[in-house]
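Each remark here refers to the structure printed beneath this line.
The values are calculated or read from the model by the stated rules, or taken from the named source; none is laboratory data. Just so it is clear, the structure is predicted and the values come from calculations on it, not from any experiment. Quick reminder, even Gly has a Cβ in these numbers, built from the backbone with ideal geometry, and neighbours come from all protein chains shown. The protein model used for the area step is the full one, side chains on, heavy atoms only, and it has no ligands, DNA or RNA in it. Shrake-Rupley method; radii C 1.70, N 1.55, O 1.52, S 1.80 Å.
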Amino acid sequence: QVQLVESGGGLVQAGGSLRLSCAASGRTFSSYAMGWFRQAPGKEREFVAAISGSGVSTYLTKGRFTISRDNAESTVYLQMNSLKPEDTAVYYCAARYDDGLQRSDPRVYDYWGQGTQVTVSS
């Protein structure tokens with residue numbers, strides 16, 4: 001069982017930055033691939049980025065967002081720069097056992113945090 005707690009969301013002006021954090025419970029954090037997803041009102045949950053237990057990352061669109069992890073702290077981060085109003089959404093952290101494959105389908109993730117709201121004003 002893995003419990004995930006996100007933090008770091010908030011209100012920011014367009015062009016600003018935020019860093020989201022997701023703290024995980026358990027002693028085998030490095031065995032899990034981690035992902036960030038987001039969901040805007042009326043839209044489906046969307047893949048943002050993922051990172052394997054060894055630190056290999058993948059992105060929906062590489063450039064403004066950077067995913068990283070600290071296995072010693074059992075924490076995964078999402079650094080978001082040059083934010084746009086269309087980035088407004090609830091951001092979720094998710095975990096799945098790392099099988100060596102990069103996965104962007106939210107259905108294959110087993111554990112989810114409660115989400116943190118990110119609002120970007122124009």
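Residues of region 82-122 being of a type outside the set (A, V, I, L, M), farther than 17 Å from A50 by Cα and touching a Lys or Arg at 6+ places or on another chain (Cβ under 6 Å), which ones?
S82
Please count how many residues of region 4-50 are aliphatic (A, V, I, L, M), within 13 Å of the chain's Cα centre (by Cα) and within 14 Å of Q117 (Cα to Cα).
3
If you scan region 1-21, which residues turn out to be open to solvent by less than 40 Å² (accessible area, probe 1.4 Å), assigned to a loop (DSSP other than H, G, I, E, B) and in contact with a strand residue (DSSP E or B) (Cβ under 6 Å, 6 or more places away or on another chain)?
Across region 1-21, the qualifying residues are V2, G8, G9.
Restricting the first residue to region 63-80 and requiring it to be over 15 Å from A33 (Cα atoms) and among the basic types (K, R), which pairs with a second residue that is crowded, with 16+ Cβ neighbours inside 10 Å and at pLDDT 95 or above meet a Cβ separation below 8 Å and a spacing of at least six or different chains?
Here the result reads R64/M80; R64/L83, each pair linking region 63-80 to a residue that is crowded, with 16+ Cβ neighbours inside 10 Å and at pLDDT 95 or above.
Can you say whether A24 is in contact with a Gly (Cβ under 7 Å, 6 or more places away or on another chain) and within 14 Å of A95 (Cβ to Cβ), as far as the supplied structure shows?
So A24 does not fit the description; no.
If Q1 satisfies every condition in (1) under 19 Å from Q114 (Cα atoms); (2) polar (S, T, N, Q); (3) modelled with pLDDT of 95 or more but one, which is the exception?
(3)
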